[in-house]
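Worksheet for the structure shown next.
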Amino acid sequence: MRRRQEPARPSQFLRALARGPIARPVVHESGQWRTYDSCGADTNSDNPILMMRSSSFPAVFVVASALACAPAAGPAVTTTSTPVMGRTASADTIPASVRWYRASAEQRAIYLQTYRLATAALERRAAGLASGSWAVILDADETVLDNSPYQQDVSRRRAVFDSATWNAWVRRGAARALPGAPEFTRRAHELGGRVVIVTNRDDALCEATRANLQRVAIAVDAVLCKTDPSNSYKDVRFEAVAAGTPPSTLPPLRVVMWVGDNIQDFPRLRQDIRTASDSAFAEFGDRFIVLPNPMYGSWERNVLP
Ligand SMILES: [Mg+2]
């Protein structure tokens with residue numbers, strides 16, 4: 001389910017015009033991908049800037065946008081090189097977000113660090129609970145399974161997401177485990193917990209997902225994929241795990257922890273929490289454990305402050 005964005009204000013539109021050319025990232029969220037043109041402009045139909053271009057803004061702004069994006073004509077001018085944050089030195093098509101995820105020490109450190117802290121929190125939260133009576137719920141993509149090779153391949157081909165290539169990637173079962181995830185799930189079992197994966201992968205891909213998880217030693221008791229294409233929220237499935245009702249195949253379980261890379265991987269949380277007080281985030285680091293995903297997510301639809 002996709003929420004409508006608020007219309008962009010004119011000041012946002014003008015800031016968009018001032019952006020220079022950047023690489024063309026290709027990102028997806030809950031199976032839905034977004035594309036950007038060579039100026040970094042969101043080319044998707046629900047982009048409020050595009051909507052304004054096509055409706056309320058005069059043609060002069062569209063022309064100005066094209067000029068702002070075009071490379072400067074004339075001979076090259078030698079200048080002192082100044083690093084630009086968020087851009088890579090090469091002119092390839094791999095976005096900085098994918099490069100960070102695929103090839104940074106920080107990515108591995110953060111995953112290992114987070115899963116170690118999550119394990120300590122789980123040991124506290126599960127203390128005294130009867131074996132088999134409780135569960136931890138984890139998301140799959142970019143939480144326990146690493147799909148960044150697919151992201152890199154799509155970007156390198158200057159392609160856009162399509163379900164055929166995504167389904168082929170999932171069916172290959174080639175996603176590796178993210179650092180710390182196998183150890184975390186194994187420890188959850190040692191403590192007497194059940195491990196449930198709640199993912200927005202289509203139900204038709206669920207068997208391939210289970211096989212991939214098993215291949216990379218992610219210990220799971222159940223995998224609940226998305227059966228309702230119109231609803232990407234996971235709350236109904238979270239409640240089914242707690243109640244022991246379909247699509248869960250397990251008995252009722254007390255869910256002591258959620259782990260995910262998207263705010264919607266946590267019960268009833270949405271992007272609007274980002275402007276709430278710090279106290280709204282009090283459960284993060286204890287009952288809720290969030291991992292980084294700069295490549296895609298429900299945050300892409302947020303309006304910049
Ligand atoms: Mg995910």
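Computed extension gain for residue 299 through residue 163, at 0.36 nm per residue and net of the alpha carbon distance, reaches 46.8 nm.
A protection proxy built from the mean count of other Cβ atoms within 10 Å ranks the segments 238-251, 260-273, most packed first, as 260-273, 238-251. In this simple spin-label approximation, residue 214 and residue 129 carry label points 7 Å from Cα along the Cα→Cβ vector, and these lie 2.6 nm apart. Put in order of Cβ neighbour count within 10 Å, fewest first, the listed residues 298, 155, 230 become 230, 298, 155. Close amide-amide hydrogen proximity is noted between residue 138 and 196, 197, 198, 259, each under 5 Å apart and 5 or more residues distant or on a separate chain (H modeled in the peptide plane; Pro and chain starts excluded).
Label positions at residue 242 and residue 172, each projected 7 Å from the Cα along the C-beta direction, are separated by 3.9 nm. Rounded is the label for the range 167-305. Its Cα gyration tensor axes, ordered a ≥ b ≥ c, give a/c under 1.5.
Annotation: extensible slack from residue 231 through residue 102 equals 43.5 nm (criterion: 0.36 nm per residue apart, minus Cα-Cα distance).
Laboratory data are not the source of any read-out in this text; all were calculated from the coordinates shown. Worth saying up front: this structure is predicted, and the values here are computed from it rather than measured. Every residue, glycine as well, gets a Cβ built from its backbone with ideal geometry; the counts of neighbours run over all protein chains shown.
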